[in-house]
Structure formats: C-alpha cells, structure tokens
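Written out below as structure tokens is the structure these notes cover.
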Amino acid sequence: MTAFDSFPLGQPAFITHILDRAAHLRADDAKLLTLEGHRDARAYVVYRDSLVVKQEGGGPRALLSIDEALKFGAKPGTIF
C-alpha cells in the first residue's frame, strides 16, 4: 500500500458525500470558537492551493487535531 492508495486519483472530492457548508455560521465568531474548542473537532489545513498533511509512520494524514492545525499556522476562530 502506498500513500496514493488513500487518495485515489480521478475521484473528485465531495461528490459522493454531501458537504454542508453551514454558511450561516461563518460570521458567528463565538460559535466558531465554541466548535473549535470541542474535544472531537478536527480540521483540514489549506495553504495557498495545497492541503497540508502530516507525515507519520503509517503514511500521510490530512485530518488534523485543532492543536496540530494551530501549529501549522491556522488562526483561532478561523477554523471552520
């Protein structure tokens, strides 16, 4: 198994799964900080046009804890 097995090429993201953009929450700073503080919260970090991944023994991992996302440069209250 390679790193590419986890990210099949030619399969557009968010096509088979509904993506709830929850636009009504984007301007609610208090709600965003509350969600960000939840122990189960996770984030994808995008820098320019690239997805930030963390290299681990089992391969790359894109879904990060909030603490990891902050260490990669995400700003508190902007994670959504």
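The values are calculated or read from the model by the stated rules, or taken from the named source; none is laboratory data. Bear in mind the structure is a predicted one, so any value in this text is a computation, not a measurement. Neighbour counts are summed over all protein chains in view; Cβ atoms, including those assigned to glycine, are modelled from backbone coordinates with ideal geometry. Keep in mind that these areas ignore ligands, DNA and RNA; they rest on the heavy atoms of the full protein, side chains included. Shrake-Rupley method; radii C 1.70, N 1.55, O 1.52, S 1.80 Å.
Taking 30 Å as R0, compute the FRET efficiency from the Cβ-Cβ separation of Leu25 and Asp49 and round it to 0.05.
According to the calculation, E is roughly 0.75.
Could you derive backbone 3J(HN,Hα) for region 47-58 from the dihedral phi with the Karplus parameters 6.51, -1.76 and 1.60 (θ = phi - 60°), listing whole Hz in sequence and x where the residue is Gly or Pro?
10, 6, 10, 10, 8, 6, 10, 9, 7, 10, x, x
Keeping all protein chains in position, work out how much accessible area Asp49 exposes to a 1.4 Å probe, and write it in Å² to the nearest 10.
Taking all protein chains as shown, Asp49 has close to 140 Å².
At a Förster distance of 25 Å, what's the computed FRET efficiency of Asp40 paired with Lys71, Cβ-Cβ distance as r, to 0.05?
FRET efficiency, Asp40 to Lys71: 0.85.
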